[in-house]
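The values are calculated or read from the model by the stated rules, or taken from the named source; none is laboratory data. Treat the numbers as computed from the prediction; the structure is a model and nothing was measured. All Cβ positions, even for glycine, are placed from backbone atoms using ideal geometry, and neighbour counts span all protein chains on display. Side chains are part of the model used for accessible areas, which takes the heavy atoms of the whole protein and leaves out ligands, DNA and RNA. Shrake-Rupley method; radii C 1.70, N 1.55, O 1.52, S 1.80 Å.
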Amino acid sequence: MASKLVLALVFVFDVIAFALAVAAEQRRSTAKVVTDSENTYNYCVYDSDIATGYGVGALLFLLLSQIVLMVVSKCFCFGSSLGPGGPRSCALLFFLLSWLTFVIAEACLLAGSVRNAHHTRYRNMFFDGNLSCETVRKGVFAAGAAFVFFAAILSELYYVTYAKAAGDSIIPSYGGSVGMSSYH
């Protein structure tokens, strides 16, 4: 039987990670080109950088959720063997898919946070051409939030099927013997 405490803890961490990823998408940095007071050059001015903190927070909460789940389930590889059958196969499938979505979510959140924190610091003289104020693309944090959602569902399913397979495991008995008697 799956521990309800573990399921609740992982669920709370995943909900927090999802909410932070959505907040990061809503609060991405924006920039505008500003001319200096002497009208000799243009430079970029960025607004709030809070999305970087939200993205890193989402990354850390998702990582914490995955660590808790892997420690409790012994990362599917260690511990006693699982009972054969459907739950073990499903647990393996959910394990692999949860790790895949976890890695994609972490990559999106990390890339978005790094890109959001990067601000172009150069200035542009009038004869140099157009100035480009680089910001994170719309949808990077949203993609991270979507994969956080998928990772959350798959991780919960992995833990439930793992617990079912662990509960179905049969411990072999080596103490019994076959009675030997004459055949009549």
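Taken over the stretch 28-59, the criterion of being in contact with a His (Cβ under 9 Å, 6 or more places away or on another chain) and more than 30 Å from residue 152 (Cβ to Cβ) is satisfied by 31, 44, 46.
Residue by residue through the stretch 19-69, note down the ones that are open to solvent by 50 Å² or more (accessible area, probe 1.4 Å), farther than 22 Å from residue 137 by Cα and not aliphatic (A, V, I, L, M). 35, 37, 38, 39, 40, 41, 61, listed by residue number.
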